[in-house]
Amino acid sequence: MNNKYVSHYLDWKNAGWFLIVAFIGLIIVLLLIFLDARHAQRLSDQDEDLRHSLPADVHRKKKGKIINLETCRVVESFYELVFSSTSILFFLSAYYLIERFMKIREYRVIWNRYDDILLMVFIFMSVFLNTLLDHCFVPLRTVKSSQKASIRLVSTIYMILIFLYIRFVYQDTNYNELIIYFVGLVIGRFIYFDFTWKDFSKTMVSLWENMPLLILIIIYSGLMCWVGFTTKFLLKSNGVIVSILIAHLFMDISIFIVHAVLKHNREDVLIKKAEKKAAQKKKQIR
């Protein structure tokens, strides 16, 4: 990318207030999740059993001050959706930037000859980035692998909506093939060689359950893009897809900081601490 773009996005004055926008957007999303959780305060049977391992002072603070396990799952599912979308956007932006800015003839020959292999490398890098984000950057401890699979399906649908946004709002036809590609991924997720009605029903149920997350990320990224493009922090000249990736990177940073702040009020963290203390006491007694 041209140095003028790098210096533009690394200008801490502009980047600082855009990060504040990312915080505001994330707080709005979390407030919506917490408000919804207030209507479902009863713990599951599993959570109820785990709860007995909590210290007495935690029980006293339970109502309204501790984030229960079910709410943690919803929040972390939203985080996973943002991380998965960031990883896909990374792959797409890398492809776009190479196609646009690789003007040196020798490198262009290499790209034209080995583009399939290089694209495969980018896909692996995208998967690695997703793993890095949800295991190291912000460890997601309450979202199961099966849940992550359904969330990534929602992420694919979210990508289609982004391309449609670029296609019809910015009148950019460069992504028509990618739209068809992602539509094919979604159809392939529903229809495959040995699929059954039971499999189809499960996929539909998981998709429906995660629809609120899709609405939340549309609200969040929509706010980020609207503010970014309106204030000229996000530039159309470097590619709309790249600017949307930059917006998601700011969303990732805000998630990292908010996660670190809320971590001490999570029920799963308190349970682990209580279990660790109990184990230490048993060792001392022995």
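The values are calculated or read from the model by the stated rules, or taken from the named source; none is laboratory data. None of the values given here were measured: they were computed from a predicted structure. Virtual Cβ from ideal backbone geometry, glycine too; neighbours counted across all protein chains shown.
A search for C-beta distances below 9 Å between a residue of the stretch 9-26 that is at pLDDT 95 or above and any residue that is among the basic types (K, R) and buried (at least 20 other Cβ atoms within 10 Å of the Cβ), counting only pairs 6+ apart in sequence or on different chains, returns nothing.
Checking each residue in the stretch 75-115 for being in contact (Cβ under 8 Å) with a residue 40 or more places away in the chain and among the acidic types (D, E) picks out E76, E80. Looking only at residues of the stretch 63-75 that are modelled with pLDDT under 85 and closer than 11 Å to N265 by Cβ, we find that the one that is surrounded by the most Cβ atoms within 10 Å (Cβ to Cβ) is I67.
Scanning the stretch 120-136 for residues that are in contact (Cβ under 8 Å) with a residue 12 or more places away in the chain and within 12 Å of the chain's Cα centre (by Cα) yields L129, N130, L133, D134. Checked across the stretch 81-99, the condition of being over 18 Å from I246 (Cα atoms) and not basic (K, R) holds for at least one residue.
A quick yes/no check of all residues on (1) more than 14 Å from the chain's Cα centre (by Cα); (2) of a type in the set (D, E); (3) over 18 Å from Y175 (Cα atoms); (4) in a helix (DSSP H, G or I):
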| position | (1), (2), (3), (4) |
| --- | --- |
| F90 | no, no, no, yes |
| R108 | yes, no, yes, yes |
| W111 | yes, no, yes, yes |
| L118 | yes, no, yes, yes |
| V143 | no, no, yes, no |
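For every residue, the table says whether it meets (1) in contact with a Cys (Cβ under 6 Å, 6 or more places away or on another chain); (2) at pLDDT 90 or above; (3) of a type in the set (A, V, I, L, M, F, W, C).
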{"site": "K202", "(1), (2), (3)": "no, no, no"}
{"site": "L207", "(1), (2), (3)": "no, no, yes"}
{"site": "M211", "(1), (2), (3)": "no, yes, yes"}
{"site": "L214", "(1), (2), (3)": "no, yes, yes"}
{"site": "I219", "(1), (2), (3)": "no, yes, yes"}
{"site": "M224", "(1), (2), (3)": "no, yes, yes"}
{"site": "V227", "(1), (2), (3)": "no, yes, yes"}
{"site": "T231", "(1), (2), (3)": "no, yes, no"}
{"site": "K236", "(1), (2), (3)": "no, no, no"}
